[in-house]
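Have a look at the structure below, then the notes.
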Amino acid sequence: MSVILVTGSYDHEIRFWEAWSGICSRTIARPGESGQVNRLAISPDKRLLAAAIHKKVNIYEIASPSSTPLISLDEHTMNVTSVSFHSEGKWLVTGSEDGTIRIWDLRSNQAHRTYNNGAPVNDVCVHPNQGELISCDQAGCIKQWDLSENVCSHELTPAGDVPIRSVSLAADGSCLIAGNNKGKCYVWKINDEKSNLPRYQAVTKFTAHKKYITRVLLSPDAKYLATCSADTTVKIWSISSNYEFRQEKVLQGHQRWVWDCAFSADSAYLVTASSDHTARLWEMASGDTVRQYNGHHKAAVCCALHDGAG
């Protein structure tokens with residue numbers, strides 16, 4: 001499977017799609033199992049799908065037709081809101097409304113480490129150096145957690161206690177973007193720890209939407225930012241070398257909240273998931289919908305796309 005496209009929904013189903021035909025190729029139905037699907041992540045080698053389902057994380061084998069998870073990680077006590085793989089796929093990081101961030105060793109299926117964030121965690125991403133995590137939370141904090149020293153080493157509170165909904169890191173680790181519940185985006189340049197400059201240097205902030213931001217995501221080439229919102233749109237922003245953000249396109253077509261998005265490896269396409277029960281594939285150059293994925297019976301709230309090298 002060269003292109004893996006997956007969506008998750010409040011209908012409890014996980015669906016795999018043929019990206020270009022729009023046909024649903026596989027459904028993990030989870031009969032008799034409660035819990036909505038909150039987030040999805042595909043392992044770098046395209047072998048595993050991690051699905052955050054209510055308080056647990058199910059790991060499925062992508063090539064297997066079985067709907068039974070390989071493993072189920074269930075130490076969180078509240079909704080799991082984020083899930084990401086380490087670059088080598090050996091471990092997984094999760095964030096939860098229970099106020100913790102956990103690192104799971106996929107070889108032993110054990111929680112290898114737990115960070116106590118204190119406030120409900122909304123999003124976590126792994127720094128490209130694989131040695132740090134960046135989290136954001138309901139109390140308005142963004143934190144850097146060092147994996148080597150087991151501590152929170154930096155903390156940012158750009159808008160007081162306004163909840164930070166989503167964080168995204170450039171693939172080269174050069175900048176961090178956060179989006180909050182009031183539709184604002186905050187941008188930091190990340191300086192080398194060895195330089196005399198602050199690790200996180202605030203460079204700009206701007207209002208992206210008048211309503212909630214649900215997801216911010218930098219494109220793999222770091223030339224664009226996608227912002228998803230409760231206002232039913234996704235906005236695409238171009239980023240200049242000196243961190244000027246210019247609105248390039250408004251992707252319009254979804255009828256309700258847009259919850260999640262994922263870029264193709266070449267940054268030419270974007271997949272989005274919405275409360276209108278559908279997912280869409282957008283062409284970045286034109287801003288047009290090139291495919292719509294219909295099949296979920298309730299809100300589609302998460303998506304994952306992996307079309308790069310396995």
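Cα-based radius of gyration for segment 1-98, normalised by 2.2 N^0.38 Å, reads 1.02. Springs join every pair of Cα atoms under 10 Å in this Gaussian network model of the chain, and among THR272, THR157, THR214 the largest mean-square fluctuation is at THR157. Computed with the Debye formula from one identical point scatterer per Cα of segment 126-181, without solvent, the log10 of I(q)/I(0) at q = 0.30 Å⁻¹ comes to -1.19.
For segment 41-155, the carbon plus sulfur part of the accessible surface works out to 46%, probe radius 1.4 Å.
Dipole orientation for the chain: of the candidates HIS277, ASN116, SER43, HIS277 has the Cα lying most toward the positive pole (charges on Cβ; Lys, Arg +1; Asp, Glu -1). Computed over segment 138-236, the P(r) curve from all C-alpha pair distances, binned at 5 Å from the origin, holds 3, 13, 22, 25, 19, 11, 5, 2, 0 percent per bin. Probing with 1.4 Å while keeping every protein chain in the model, the per residue accessible area of segment 68-193 equals 38 Å².
What FRET efficiency comes out for ARG256 versus GLU88 if R0 is 30 angstrom and r is the Cβ-Cβ distance? Round to the nearest 0.05. Mind dumping the intermediate values first?
Working: r = 38 Å, r/R0 = 1.25.
Efficiency, rounded to the nearest 0.05: 0.20.
In this simple spin-label model, placing a label point 7 Å from the Cα along the Cα-to-Cβ direction at both ALA63 and GLU18 gives a separation of 2.1 nm.
In plain terms, the chain from THR204 to LEU70 could stretch by 43.9 nm, reckoned as 0.36 nm per residue minus the Cα-Cα distance. Normalising the average separation of contacting C-alpha pairs (under 8 angstrom, six or more residues apart) by the number of residues puts the relative contact order of segment 1-92 at 21 percent.
For segment 212-300, the convex hull spanned by the alpha carbon atoms encloses 79 Å³ per residue. Net charge dipole, segment 157-227: roughly 380 debye, given to the nearest 20, about the Cα centre with Cβ charges of +1 for Lys and Arg and -1 for Asp and Glu.
Our summary gives the chain a relative contact order of 14 percent, counting only alpha carbon pairs under 8 angstrom and 6 or more residues apart. When only Cα pairs under 8 Å and 6 or more residues apart are kept, what is the percent relative contact order across segment 168-260? 21 percent.
Among TRP91, TRP282, TRP257, the sequence by solvent-accessible area, most first, with a 1.4 Å probe is TRP257, TRP91, TRP282.
Considered as an equivalent ellipsoid built on the Cα gyration tensor, the chain has semi-axes of 27, 24, 18 Å, the largest given first.
Determine the dipole magnitude for the chain: charges of +1 sit on the beta-carbon of Lys and Arg, -1 on that of Asp and Glu, nothing else is charged, the reference point is the Cα centre, and the result goes in debye to the nearest 20.
Numbers: 31 positive and 32 negative charges, 117 e Å.
Value, rounded to 20: 560 debye.
Note: segment 71-212, Cα convex hull, 110 Å³ per residue. Among TYR212, GLN138, VAL83, pick out the residue whose Cα is farthest towards the positive end of the charge dipole of the chain, where Lys and Arg carry +1 and Asp and Glu carry -1 on C-beta, about the Cα centre. The one lying farthest along the dipole's positive direction is TYR212. Size descriptors for segment 85-131, from the alpha-carbon set: Rg then Dmax equal 10.7, 29 Å. Carbon-plus-sulfur accessible fraction, segment 201-310 (probe radius 1.4 Å, protein heavy atoms only): 44%.
The values are calculated or read from the model by the stated rules, or taken from the named source; none is laboratory data. All of these numbers come straight from a predicted model, not from anything done at the bench. As a convention, Cβ positions derive from the backbone with ideal geometry for all residues, glycine included, and neighbour counts pool all protein chains shown. Please note that ligands, DNA and RNA were not included when accessible areas were found on the heavy atoms of the full protein model with its side chains. Shrake-Rupley method; radii C 1.70, N 1.55, O 1.52, S 1.80 Å.
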